[in-house]
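Report on one structure; see the data block that follows.
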Amino acid sequence: MGDNVLVIGGGLVGCETADYLSERGKSVTIVEVLERMADDMVPILRRPLMDRLKSKGVKMFVSIQKERIEKNQFIFMDRERNEHVLRGNTVILATGGKPQKGDWENLKSKISEVYFVGDVIDSKGKILDAVAEGTE
Ligand SMILES: Cc1cc2nc3c(=O)[nH]c(=O)nc-3n(C[C@H](O)[C@H](O)[C@H](O)COP(=O)(O)OP(=O)(O)OC[C@H]3O[C@@H](n4cnc5c(N)ncnc54)[C@H](O)[C@@H]3O)c2cc1C
């Protein structure tokens, strides 16, 4: 892990990753295409996380556009349409996950009852969703 880290994707996962790395002395920048960082977090957790990131000097850009990566450079426009060029030696992609049912679907031909619950159905789900689906 390099000392200058760029996190692409400022949702819950990207912001928590930035929190972890900045705690360990890394210089971290987060870029997000939406208007708001960690928009998928509940307010009671989001606010303290945002405060922590700011107090540790994590740089955050929202509503970014026209992002591209060139050799050791990440180039994008901020919401005021100013161009930024970031140099970093580590890039973390936290742009979202996809459920992977893979070969598990085939189980239905072998076993009479098969249920999918939790993130394997919807990777944007939360712990409560997984628990509720499991219970059901
Ligand atoms: C960084 C991060 C922060 C999060 N923070 C929150 C939060 O604050 N609040 C909240 O509600 N949710 C949060 N979530 C989401 C939450 O973790 C998930 O919604 C929840 O864990 C889904 O539960 P699950 O049992 O479906 O999947 P998981 O918890 O991912 O469990 C799946 C398990 O299956 C195992 N597995 C995979 N393939 C196989 C295989 N072939 N054989 C055997 N085992 C296998 C995996 O190793 C894993 O242990 C967060 C997620 C991330 C990534």
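Here Leu49, Leu45, Leu128 are screened, and the one residue that is within 16 Å of the ligand (Cβ to nearest atom) and within 24 Å of Met1 (Cβ to Cβ) is Leu49.
I'd like the full set of residues that are assigned to a loop (DSSP other than H, G, I, E, B) and farther than 24 Å from Asp39 by Cα, limited to the range 126-136. Within the range 126-136, just Glu136 meets the criteria. With respect to Val62, is the statement that it is of a type in the set (A, V, I, L, M), more than 16 Å from the ligand (Cβ to nearest atom) and surrounded by 15 or more Cβ atoms within 10 Å (Cβ to Cβ) true? Answer is yes for this residue. I'd like the full set of residues that are assigned to a loop (DSSP other than H, G, I, E, B), touching a residue at least 40 places away in the same chain (Cβ under 8 Å) and more than 18 Å from Val62 (Cα to Cα), limited to the range 1-25. Selection gives Met1, Gly2, Asp3. Only one entry in Lys54, Lys98 is free of Cβ contacts under 8 Å to residues at least 24 places away in the same chain and either more than 16 Å from the ligand (Cβ to nearest atom) or in a loop (DSSP other than H, G, I, E, B) (or both), namely Lys54.
So for the range 79-94 (the condition being near the ligand (Cβ under 10 Å from one of its atoms), at pLDDT 85 or above and not hydrophobic (A, V, I, L, M, F, W, C)), does at least one residue qualify? No, the range 79-94 has no match at all. So, in the range 101-125, of the ones that are acidic (Asp, Glu), within 12 Å of the ligand (Cβ to nearest atom) and not in a loop (DSSP other than H, G, I, E, B), which residue ends up farthest from the chain's Cα centre (by Cα)? If we take residues in the range 101-125 being acidic (Asp, Glu), within 12 Å of the ligand (Cβ to nearest atom) and not in a loop (DSSP other than H, G, I, E, B), then Asp103 is farthest from the chain's Cα centre (by Cα).
Hey, can you tell me all the residues within the range 97-124 that are in contact with a helix residue (DSSP H, G or I) (Cβ under 8 Å, 6 or more places away or on another chain) and open to solvent by less than 100 Å² (accessible area, probe 1.4 Å)? Result: Gly97, Pro99, Lys101, Val114, Phe116, Val117, Gly118, Asp119, Val120, Ile121, Asp122. When the test is whether a residue is touching a Ser or Thr at 6+ places or on another chain (Cβ under 9 Å), open to solvent by 70 Å² or more (accessible area, probe 1.4 Å) and in a helix (DSSP H, G or I), Arg79 does not pass it.
Which residues, counting only those in the range 18-42, are within 20 Å of Gly88 (Cα to Cα), open to solvent by 40 Å² or more (accessible area, probe 1.4 Å), within 15 Å of the ligand (Cβ to nearest atom) and of a type outside the set (Asp, Glu)? Scanning the range 18-42 gives a single hit, Tyr20.
The values are calculated or read from the model by the stated rules, or taken from the named source; none is laboratory data. Given the structure is predicted, the values throughout are model-derived calculations rather than measurements. Please note: Cβ atoms are built from the backbone with ideal geometry, for glycine as well, and neighbour counts cover all protein chains shown. These area figures cover heavy atoms from the full protein model, side chains too; ligands, DNA and RNA do not enter into them. Shrake-Rupley method; radii C 1.70, N 1.55, O 1.52, S 1.80 Å.
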